[in-house]
Each structure stands twice: as structure tokens, then as C-alpha cells.
Amino acid sequence: MDGWNTFFFFFFTALRAAVLIQKWYRQYVARTEMRRRYTWHIFQSIEYSGEQAQIKLYNFLGYLMDNFTPSSNERNLISHIFRDHEVCQDAEWERYFCYKNIQVPEIYSGPHLCFPVTAEQAAGLVEAFRNKKQLHSRYVLQLLLETWRLLRMLPNISRISTCHSKEITICGDLHGQLEDLLLIFYKNGMPSLEKPYVFNGDFVDRGKDSIEILIILFAFLLVYPTEVHLNRGNHEDHIINLRYGFTKEVLTKYKMHGKRILKLLQKIFSWLPLATVIDQKVLILHGGISDTTDLGLLVKVDRHNYVSALRPPKKKFQSSSRTSIDSNAEDWGHHGLFQRRASFTCPKNLGSRGNFLNRSLQDFSDRIKVGKEDELQVCQQGAELFQAGVDPVEKGGDSSFDPVVSDSAKEEWKQILDLLWSDPMSQDGCIPNELRGGGCYWGPDVTEDFLGRHNLQLIIRSHECKQDGYEFCHNRKVLTLFSASNYYDVGSNRGAYVKLGPNLVPYVVQYQASSMTRELTVRQSVGKTERSALKVLREQLFSHKSDLICAFKRLDGENTGLVSLNDWASAVESVMRLGLPWRMLRSQLATGKAADGLINYHEWFNELAIKGANADHIDQGLLETLYRHRSTVETIFRIVDTDNSGFITMEDFRQTWKLLSVYLKMEITEDAISDLAVTIDSNQDGSIDIEEFMEAFRLTDKKSRLERGRSMFMATATDLSALEGDPNV
């Protein structure tokens, strides 16, 4: 009997231990999943807010172009980025991009190209870039010219078939991450007659090897024009490239001829096809669709007119020389249809600025309208000329001058914008994509209707980073594909590509390009990504310091400098609007805590400071604003740096800050600008080094726990259950 008692004792002890281990493991898995989820949320929120900020900035600059006189200093600073429809014919552009006067020195040890490019040469480029070689600018320009000539012969929507091969491989965003492309070629094989590929846009930006990726893809496109297909993404846009690194990368790697290379790439990006259809059943496009997307219309548009998809094209007219001129041209000043503001000397005239800064991109297509009297004036002038039998061009007028975008052009623009910028959502309907600032969110009902109207069965799109590299939605009729692994940080996500055979059933292949990632455990990987996300989040919190302190003071009626945990979390969410579990994040974000459990918010912010040379005498509010908008500041600096030297003059520096003062809705005094200039121009040479300026203001964390590896979720099962039941999570 004692033996049975002993047996049951050990049995139930083991059973209790197993139950406890299982309970602990479930809690561990739940905590890990919560950490992954909110780490992801932090990264994605910051990414989308950056895109929205870039669109708002471009809208603001476009507003200036449309409403300021051509002679104003501010307009002169930015006008060059709006010259989308230059007067030159293709033959003239080819002379401008000519490579023949560029000599390749004997000491050059990189890859050489002969044209037409062969498969062996394309493979040689892959190997050369794997070994960190750089292609000479002569070959780059020649390769880009050949690519431009080929793309001009391609349709807007490429149509391919699986009957000529066993499988077609589709790749999503690469974003300058050459390691991912090399791994795809290693696992799947390089493009060939038997191995066709579709690359679904966003080849550039963020990563450090965007130009190498383009060169490889263009080389294989030239070798296999019917087997390699490239769709345009929203980052194949020179305005986006200013913010996200591609412009800087090209100018750094090709200091002598970088400007010509970038200009030619603008042309190439505008000629990239918009979509690909496989076997008339599978549609591949970068962003998505809306409830008005019409493939019949997209087939007919002049896609090259949309050098940037962020700005609707202006209506063109003919000058006396019969040369096509954009309606943004200086000739606007002769028509008197608009009273244009002279300069920023009276910024209060921009009364509508506060409104348009918060509106989505679609709202800006009609931001400039002609009044009824102006319309009558234009009609009367046209009628008088017609009755007199006078050619408007000969009379010095415009044959079709109309500064307002035509309805057809506006519809075309919206179609392309939706195609490049949209994201799917779980609920039915179609709404503006306010997070990104462009495109829309579309629901399952829109997908069903679109597929039915066009007799399709599947949409493959990219544009969104997914933790597993892919994700099905809308009853598995929409597949999101993302090929840049470790996108936010090492271990943050897998990459994936899809193989599609004659049965048109997607076969997904996942991978991690970083060897470091493969060596990490799940816990280490999540922890590393989490620490990076928290660092980014702390930077965002500091950049909203003034707003947060105001929110805290409203809850701190006696001005003690202390708030409860609940009040702290409520105030932070009211300012940041990120939907994060702030109570649980508090231990990692706010270390300043009083003995009674209250949070000392002044002490919290004292842990964070901008550390820059001689920055103590600069207004702290200006420093905070600079830090919050540092990407926007750098973007404007690079726009102003028209010769791409990396330097801007002191006068341009002052004009830049006048632009920013209006854009940021704040007063920046001449003294404050001078203090900034003195701080940065340490060698007193009268010019501002852009790189030095951006490096001068960095956030330092005096008491951060981020590097100690502590989890931001030290929660109990009860806490996790409460979170999972919270509709705001």
C-alpha cells in the first residue's frame, strides 16, 4: 500500500509540476507574442508617420510653387524639384545623359560591361557587388540609357504566362537590401529563360545598396526582357528618395556624375510598368486598389507623365515655339489669373496653411481653383480669339492654358496614387489612407467586386512589411509579399518570395538574410528588436516633450511635478496616439518614480537631452522642434543643395529656416537662426555642412535601461488577459 501511496504522490507531484510548467510556458509564449506585437506596432507607426510627413512637406512646397511669385527667394529654392515635364525631347535627353566622354581609368578594378549585355555579364555584376565592388559611372549611365530605351517600349501592364515555364517567381520590396536579393538568387536561381521573375517595386531607399540592386535588375531586364518584369513602387519617386536615403546614396557613391545618374533614374522610374498580370488571373501591383480602380483606364494612361505620383500633373499648353511647357512655368505671372504672394515677409497671408497640413493627399488635387469670374474671363478671351480667327499662340497667349488639373488627369492621377500607396483593411468599404497620407484602405467587398469585374482570382501586392514575410487577407484573395528581411532591425521579420506555377497556387518561400539572426534564439531575437523599438519610441516621446509636459500639467493641478501611473499613461496616449499599452511600457520608458508610486515627469525628461556642440545657448524649444522634424529638415536641406555638394550657403540656410518657420507654424527669430548657424559653422567658412548639421543634434539617454536587456513586458497572466480583452489594444 505504501508503494501505491508513494507512486500516487510522485505522480500527482509530477502532474502538478507539468501543469505549472505548461502554465508558465503559456504565459511565456503570451508575453513573447505581446512583445512582438507591440514592438511591431511601434516600428510601423513611426514608419507610416514618416511617409505622412514627407507627403505633407511636398504638399506644402507645392502650395508655395502654386501661390508665390516666380521671383520670390523661397520659390527659387525649391522650384527645381517640380520640373517634372522638362522641355527637352528624348533625343536631347540622351545627349545630356551621354556617357562617351567619361573615361574609365586603367586602375579601375570593378566590373566591365560591353553592350548588348550578356547573361554572363549580369551574373558577373552580382558577384562583383557581392564582393563590394562598384560599377564605374560610365557603365552605369550606359546601362541606364539602354534600360530607359527598353522601358519606353513596354506597356503599362505587363501580361505574362506560365505556359512558357514551370514557375514564375515574384519578389516584394527589397529596399536597398542587397543581401536579400543575393539570397533569393542563391536559393531560387538567377533570372533566365527557364526562371522568370516579377519584382514588385520599392527596389530603393532605406537600405545601403539600392543602386546595386537597380543595376542588377536592369542588367537582367536587358538580357531577358520577356522573362524579367519590374513594377513601379511608391519609392520609385525622386521626392520620396530625398527623405529615405537613395538620393544621398547615389551622390555619395558617384560624386562626379551622381546628378546625371539621378536625373536619368527619374526618367526610368516614370517609365516602369504599373502592374503585371499572370495567365489573365493573377494581378501583381505594388500597393493596391480602391473602389474606383479600373485596369482599362490604367492601360491607357501616359505613365511617364507621373514623375512623382505625389503631385497631380498640371495641364500643359503650347508656347509660341510649340514647345511643351508645364503650367508651373514662369509664364503664370503674365496671365493675372492668380494674385500670387511675393514672399514670406508676411506669413500671416497663408491663412489656409493650418488646414492643408492635416489633410490627406487626395484633398490637394483641387487645392487651387479658378473662381467663377476668372473662368468667365478665360472663356471670353478664348471666344474673342476664336471669333477673330487668331491663333492664340501667335497672339502670344496659350492654346490650352488651364492651371487647374483637368478631370481626366485628376482621375488618372488618383488611379496611379491608389495603385502605389494603398493598403487592405479587414472591414468592408474604401476610405482615405490617413496613416500614410496617400492612397486608400480597401476592404474585402472592394476586392470581390474588383476581381469579379476583371475576371481575376488573386491580387499579389507588397508595400507593407510583414513579420513572416507574407500575409493572406480578404479570404485569401489578397497576398501581401515583402522580400526585405530584418527590415526594422535584425530579427524583426522574415523575407519571402512566391513561386507561381500553372495551377496559380502560391508557394511561399521564407528566409532570413542575416547570419546573425539565424544564430539568435527566439527570446534573443525578440529582445533585440524590442530594445531598438523602445529606443525609437523614447526618441519620439522626447520630440513631443512640450506637448507631453502640457498634458501632464493639466493633470497635475497643484504643480507637484508628479502624476499617477494611470494619468501618465492617459496623457502620453493623448499626445502620441499610438494605441500602445503605456502602463506596461512605463518601466522601460519612465524611470523617474517617487516613493508613493507617482511618476516624476520632470525627472523623466531630464534623462533625455540633445547633445550637441555648444548647443546650450540655443533655445530649447527650437532644439525640440528641430529634433522632432529632423528628417524634414534634412530633406529641405537636400532640396536647397541644388548642386549636391553637401553644403549650403549661409543665405540659403536662412531662407530654409524661413520655409520651416511657416511649415512648422512657429516663429523662428533671426537671432535664433544666427545662433544655429554659429553653432554648426564651427570653421566659420560661411557654409553649412548638411551632414555635420544633422549629426550635431543627437538624443542621449542618461539612465536608459534599453541596453540592459530587460523585457518591457514583466506582466502576469491577469495583466495579459486584461490587455487581450481591451478593445484599444
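Can you find a residue that is touching a helix residue (DSSP H, G or I) at 6+ places or on another chain (Cβ under 9 Å), surrounded by fewer than 22 Cβ atoms within 10 Å (Cβ to Cβ), modelled with pLDDT of 95 or more and part of a loop (DSSP other than H, G, I, E, B) anywhere in region 166-186? No, there is no match, as no residue in region 166-186 is touching a helix residue (DSSP H, G or I) at 6+ places or on another chain (Cβ under 9 Å), surrounded by fewer than 22 Cβ atoms within 10 Å (Cβ to Cβ), modelled with pLDDT of 95 or more and part of a loop (DSSP other than H, G, I, E, B). Applying a threshold of 7 Å to beta carbon distances and a minimum spacing of six or more residues, or different chains, the list of pairs starting in region 452-465 at a residue that is open to solvent by less than 10 Å² (accessible area, probe 1.4 Å) and ending at one that is in a strand (DSSP E or B) and of a type in the set (F, W, Y) reads S462/F482; C465/F482. Say whether the condition of being closer than 24 Å to Q54 by Cα, modelled with pLDDT under 95, more than 20 Å from the chain's Cα centre (by Cα) and assigned to a helix (DSSP H, G or I) is met by at least one residue in region 411-419. Yes, that holds for at least one residue.
When you scan region 222-236, do you find a residue that is within 18 Å of the chain's Cα centre (by Cα), within 20 Å of S422 (Cα to Cα) and either open to solvent by 30 Å² or more (accessible area, probe 1.4 Å) or of a type in the set (S, T, N, Q) (or both), even just one? So far as region 222-236 goes, yes, one or more of its residues are within 18 Å of the chain's Cα centre (by Cα), within 20 Å of S422 (Cα to Cα) and either open to solvent by 30 Å² or more (accessible area, probe 1.4 Å) or of a type in the set (S, T, N, Q) (or both).
Taken over region 420-439, the criterion of being of a type in the set (A, V, I, L, M), part of a loop (DSSP other than H, G, I, E, B) and touching a strand residue (DSSP E or B) at 6+ places or on another chain (Cβ under 7 Å) is satisfied by M425 alone.
Pairing residues of region 422-443 that are under 17 Å from A53 (Cα atoms) with residues that are basic (K, R) and open to solvent by less than 70 Å² (accessible area, probe 1.4 Å), at Cβ distances under 7 Å and at least 6 apart in sequence or on separate chains, gives G437/K56.
State which residue is modelled with the highest pLDDT when the search covers only region 573-582 and only residues that are in contact with a His (Cβ under 9 Å, 6 or more places away or on another chain) and surrounded by 15 or more Cβ atoms within 10 Å (Cβ to Cβ). If you could, list the steps in order and put the result at the bottom.
Step one: list which residues in region 573-582 are in contact with a His (Cβ under 9 Å, 6 or more places away or on another chain), which gives 575-576, 578-580.
Then keep just the ones that are surrounded by 15 or more Cβ atoms within 10 Å (Cβ to Cβ); that gives 575-576, 578, 580.
On the way: V575: 87, M576: 84, L578: 77, L580: 79.
Step by step, filter region 573-582, then rank; the result is V575.
Residue count for region 122-138, restricted to those that are at pLDDT 95 or above, part of a helix (DSSP H, G or I) and buried (at least 19 other Cβ atoms within 10 Å of the Cβ): 5. Count of region 278-310 residues, restricted to those that are open to solvent by 40 Å² or more (accessible area, probe 1.4 Å) and touching a strand residue (DSSP E or B) at 6+ places or on another chain (Cβ under 6 Å), is 2. Scanning region 472-509 for residues that are of a type in the set (S, T, N, Q), more than 24 Å from W442 (Cβ to Cβ) and surrounded by fewer than 20 Cβ atoms within 10 Å (Cβ to Cβ) turns up just one, N503. Of all residues in region 526-560, those satisfying the criterion of being in contact with a strand residue (DSSP E or B) (Cβ under 6 Å, 6 or more places away or on another chain), closer than 15 Å to H602 by Cβ and surrounded by fewer than 20 Cβ atoms within 10 Å (Cβ to Cβ) are L555, D556. Cβ separations smaller than 8 Å between residues 6+ apart or across chains give the following pairs from region 468-489 residues that are within 14 Å of V505 (Cα to Cα) to residues that are small (G, A, S) and assigned to a loop (DSSP other than H, G, I, E, B): V478/G288.
Any idea which residue in region 151-165 is modelled with the highest pLDDT, counting only those that are outside any loop (DSSP other than H, G, I, E, B) and open to solvent by 30 Å² or more (accessible area, probe 1.4 Å)? Result: R159. Are any of the residues in region 402-410 at pLDDT 80 or above and surrounded by fewer than 18 Cβ atoms within 10 Å (Cβ to Cβ)? Within region 402-410 (the criterion being at pLDDT 80 or above and surrounded by fewer than 18 Cβ atoms within 10 Å (Cβ to Cβ)), the answer is yes, since at least one residue qualifies. Scanning region 30-61 for residues that are at pLDDT below 75 and basic (K, R), we see that the one that is surrounded by the fewest Cβ atoms within 10 Å (Cβ to Cβ) is R37. Anything in region 240-277 that is surrounded by fewer than 23 Cβ atoms within 10 Å (Cβ to Cβ) and among the β-branched types (V, I, T)? List them, or say none. Matches in region 240-277: T252, I261, I268, T276, V277.
The values are calculated or read from the model by the stated rules, or taken from the named source; none is laboratory data. Since we're looking at a predicted model, the values are computed, not measured. Counting neighbours? That spans all protein chains shown, and the Cβs are built from the backbone with ideal geometry, glycine included. Just so you know, the surface numbers come from the protein's heavy atoms only, side chains and all, with ligands and any DNA or RNA stripped out. Shrake-Rupley method; radii C 1.70, N 1.55, O 1.52, S 1.80 Å.
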